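Input: a single structure, listed below in structure tokens.
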Amino acid sequence: MVSFKELGLVNTREMFAKAVKGGYAIPAFNFNNMEQLQAIIQAAAELRSPVILQVSKGARNYANQTLLRYMAQGAVEYAKELGWENPQIVLHLDHGDSFELCKSCVDFGFSSVMIDASSLPYEDNIALTKKVVDYAHQYDVTVEAELGVLAGVEEEVASEVSHYTKPEEVVDFATRTGCDSLAISIGTSHGAYKFKPEQCTRDPKTGRLVPPPLAFDVLKGVEEQLPGFPIVLHGSSSVPQEYVDMINKYGGKMPDAVGIPEEQLRLASKSAVCKINIDSDSRLAMTAAVRKDLYENPGHFDPRQYLKPARDEMKKMYIHKIVEVLGSDGKA
Ligand SMILES: [Zn+2]
């Protein structure tokens, strides 16, 4: 048993309370590799932004859970080296799908876990979430739960349809489970193809897809039922068209990739939404930069040659999100 506190990590409790009060949101960035982690920590340390490092099932399969945990521990030390005296870094399990997995992360030094039982019937979701909460809280690890179903694909999390969260259920759910935060479904979606072209309109000037707006009425309904309770948005990459264009220009093929417009996320950040998950945008930044470098420099064969610009591009993207979208800079 390793406590996250020994690793210099923090849980989400205080961070979320401040974010809800302060009208901003904490970035939750997924990581699978060193360059991504360096970019996240550099951006957060320079801006003094609290940050949540997320580990998904796909990341665990790709990189190994043990290695990722030690990388997060290293990230805390790295942040201190960068001059961030008191780093506010959370290590969070993204989309935990069983009690055993959540328990193993709690025991191993994660400071926060998500139990996603949103695909189960309501009463089963409550029972499993409560079981995880009861265990995690013994060690002061915070728990995110989910109510409602998101559309789209996030690694092994796949759903064809989305079911908005029902505001009339949230008080009962939060009270009976004791969860610390709640991921809700208001129209965000996992992946780089969040909406089918037929769900969108097209901007006549640019020919770009314009996605349907988020269901802010549902968010408002949830906030009215649970005033001040920390709300989480998954699937909130904006799929920057500059990266899609770069990818397509340098040999890639990503037609009609579309995300959540940043002005809507900016609006959400000012509400009870206090954690916004961003994964695809980092993948796009990295791929765009790697493709460009290799296209322009056919002789490059040292991975450091093309991963350095990739890391720089990701850092630029993280800084942009923290400052221009979430407003979490200077809060840690
Ligand atoms: Zn998710």
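Closer than 17 Å to residue 278 by Cβ, of a type in the set (Ser, Thr, Tyr) and away from the ligand (no atom under 16 Å from the Cβ): is that true of residue 78 in this structure?
No.
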Checking residue 55 against (1) surrounded by 23 or more Cβ atoms within 10 Å (Cβ to Cβ); (2) at pLDDT below 95, which test does it fail? (2)
Tell me, which residue of region 99-120 that is in contact (Cβ under 8 Å) with a residue 24 or more places away in the chain and part of a loop (DSSP other than H, G, I, E, B) is farthest from residue 53 (Cα to Cα)? 119
Of all strands (runs of 3 or more DSSP E) completely enclosed by region 130-185, which ones contain at least 3 residues that are at pLDDT below 95 and within 16 Å of the ligand (Cβ to nearest atom)? 151-154, 157-159
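Okay, residues lined up against (1) closer than 19 Å to residue 37 by Cα; (2) away from the ligand (no atom under 16 Å from the Cβ); (3) hydrophobic (A, V, I, L, M, F, W, C); (4) out of contact with any Leu (no Cβ under 8 Å at 6 or more places or on another chain):
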position: 55; (1), (2), (3), (4): yes, no, yes, no
position: 63; (1), (2), (3), (4): yes, yes, yes, yes
position: 70; (1), (2), (3), (4): yes, yes, no, yes
position: 92; (1), (2), (3), (4): yes, no, no, no
position: 97; (1), (2), (3), (4): no, no, no, yes
position: 106; (1), (2), (3), (4): no, yes, yes, yes
position: 114; (1), (2), (3), (4): no, no, yes, no
position: 121; (1), (2), (3), (4): no, yes, no, yes
Condition first: among the hydrophobic types (A, V, I, L, M, F, W, C), surrounded by 23 or more Cβ atoms within 10 Å (Cβ to Cβ) and assigned to a loop (DSSP other than H, G, I, E, B). Can you find one or more residues in region 63-77 that meet it? no
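The values are calculated or read from the model by the stated rules, or taken from the named source; none is laboratory data. All values reported here derive from a predicted model rather than from experimental measurement. Counting neighbours? That spans all protein chains shown, and the Cβs are built from the backbone with ideal geometry, glycine included.
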